[in-house]
Amino acid sequence: MSTIAVMQPYFVPYAGYFRLLAAADIFVLFDCVQFPRRGWVHRNRFRRADGTLDWLTLPLAKAPHDARIADLAFQPDAEAEMRARMGRFPALADALDRRDPLADDAAACAGQPADYLAAQIETVANRLGFGPAMVRSSTLDTPPDLRGAERIIHIVRQLGGRRYVNSPGGRALYTPNRFADAGLDLAFLVPYQNDMSSILDRLLREPPADLRADILAATQLVD
């Protein structure tokens, strides 16, 4: 059974996000939807020197309110600005000073943000030993008028999937009966109860093998 997961590309998301990559044969980066300006696509929280959490936000160019994630762009001086923003957080500043590849990659805001986010997620997944095929939803032939479950079902079918796996929050959006009517299984991850820090923060202080074990231990699927 081919398992498909679909999720917006988040900026260095928490470890629980990577359970979808551990559970799926194909991971779809859902970049064909409107950019959520209050979400996690372009920002995450890191610890300041005084111990408080603060946002690290990607230096994006101004975009129309209805811009898709796939259509975002970086501002002209994005890498210099990103390095300055990362310097406000001791762990990230130290990693940049040491030329840690993960920190350098995070600072290298070049090309399209959707490409950057996809590359970040793939790099982390490879480091953790998760290797699903990765597809950008904007590259698929999905009718733009499809919404909600209908769009997801179309994507899963287009990729030859038989099962769709989603995060626990998807229970408010999708029902098993609708997927069963389409000939598909629907499964959800159990709630993630562990460290909610950015995966970048954790990789700077924890061995990848320990993080992989933490993720796999919380990757149970339920109907």
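General observations
- Count - residues of the stretch 96-132 that are more than 23 Å from Pro76 (Cα to Cα), open to solvent by 30 Å² or more (accessible area, probe 1.4 Å) and either hydroxyl-bearing (Ser, Thr, Tyr) or touching a strand residue (DSSP E or B) at 6+ places or on another chain (Cβ under 9 Å) (or both): 2
- Listed conditions (1) in contact (Cβ under 8 Å) with a residue 40 or more places away in the chain; (2) more than 17 Å from the chain's Cα centre (by Cα) are all met by Leu58, apart from (2).
- Within the stretch 71-95, the set of residues being open to solvent by 20 Å² or more (accessible area, probe 1.4 Å) and in contact with a Cys (Cβ under 6 Å, 6 or more places away or on another chain) comprises Phe74, Glu79.
- The set of residues from the stretch 167-213 being farther than 26 Å from Glu150 by Cβ, out of contact with any Gly (no Cβ under 9 Å at 6 or more places or on another chain) and assigned to a helix (DSSP H, G or I) comprises Ile199, Leu200, Asp201, Arg202, Leu203, Asp210, Leu211, Ala213.
- Within the stretch 1-31, the set of residues being more than 20 Å from Leu128 (Cα to Cα) and either among the polar types (S, T, N, Q) or under 14 Å from the mean Cα position of the chain (by Cα) (or both) comprises Ser2, Phe30, Asp31.
- Filter result for Val222 (closer than 24 Å to Met134 by Cα and crowded, with 17+ Cβ neighbours inside 10 Å): no
- Residue in the stretch 180-214 that is farthest from Asp105 (Cα to Cα), counting only those that are open to solvent by 50 Å² or more (accessible area, probe 1.4 Å) and free of Cβ contacts under 8 Å to residues at least 60 places away in the same chain: Asp181
- Against the criterion of being without any contact (Cβ under 8 Å) to a residue 24 or more places away in the chain and either touching a strand residue (DSSP E or B) at 6+ places or on another chain (Cβ under 9 Å) or assigned to a helix (DSSP H, G or I) (or both), Ala93 qualifies.
The values are calculated or read from the model by the stated rules, or taken from the named source; none is laboratory data. Small disclaimer: the values here were computed from a predicted structure and weren't measured. Every residue, glycine as well, gets a Cβ built from its backbone with ideal geometry; the counts of neighbours run over all protein chains shown. The protein model used for the area step is the full one, side chains on, heavy atoms only, and it has no ligands, DNA or RNA in it. Shrake-Rupley method; radii C 1.70, N 1.55, O 1.52, S 1.80 Å.
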